[in-house]
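Peer 1: Got a structure for you, written out below as structure tokens; questions coming shortly.
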Amino acid sequence: MEERKKSLAERLEQYPRLRARVEEMLDLVESREQEVEKAEEAEEIVGKQLQQIGQETLQVWAENRHERQRRYWEGRTGVSRKEKNYRCKSHSNDGGAGLNPIEGSHCCSR
């Protein structure tokens, strides 16, 4: 039997950050949060919100991709896993940025 496709609301429940951005867009359309008087003002707000939605979407995609890859490689026998050691400028010879791009944390937890 074919499975029913989830509604937009059901799908957004899995991604709270994206749901919040979509709700902000709907608030603008419905003029709930702030009364926008000029089209130029609305355009600026929508542009910023679309940029934020894009960033959130890419972040969620990257996190999901990373998790799928992790599960794939963990399920394979005979594969050893190495983790990259991220170091800050004060701990690196190459002047590294000091941020772990996966975790977003500083190497020496500052």
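The values are calculated or read from the model by the stated rules, or taken from the named source; none is laboratory data. A quick note: this is a predicted structure, and the numbers were derived from the prediction, not measured. Every residue, glycine among them, receives a Cβ derived from its backbone with ideal geometry; neighbour counts consider all protein chains shown.
Peer 1: What do you reckon, is Glu35 over 20 Å from Ala9 (Cβ atoms), more than 19 Å from the chain's Cα centre (by Cα) and surrounded by 11 or more Cβ atoms within 10 Å (Cβ to Cβ)?
Peer 2: Numbers: over 20 Å from Ala9 (Cβ atoms): yes; more than 19 Å from the chain's Cα centre (by Cα): yes; surrounded by 11 or more Cβ atoms within 10 Å (Cβ to Cβ): no.
Here the answer is no, as Glu35 does not meet what is asked.
Peer 1: For residues in the stretch 59-85 being touching a helix residue (DSSP H, G or I) at 6+ places or on another chain (Cβ under 9 Å) and surrounded by fewer than 11 Cβ atoms within 10 Å (Cβ to Cβ), which is modelled with the lowest pLDDT? Before you say what the answer is, go through the steps one by one.
Peer 2: Step one: list which residues in the stretch 59-85 are touching a helix residue (DSSP H, G or I) at 6+ places or on another chain (Cβ under 9 Å), which gives 59-60, 79, 81.
After this cut, where a residue has to be surrounded by fewer than 11 Cβ atoms within 10 Å (Cβ to Cβ) as well, the list is 79, 81.
Numbers: Val79: 67, Arg81: 61.
That would be Arg81.
Peer 1: Would you check if there is a residue in the stretch 3-22 being at pLDDT below 90 and more than 24 Å from the chain's Cα centre (by Cα)?
Peer 2: yes
Peer 1: Residues to consider are Glu56, Glu37; find the one that is modelled with pLDDT of 85 or more and assigned by TED's automatic domain parsing to the domain that holds Leu18.
Peer 2: On the way: Glu37 fails: modelled with pLDDT of 85 or more.
From the options Glu56, Glu37, the qualifying one is Glu56.
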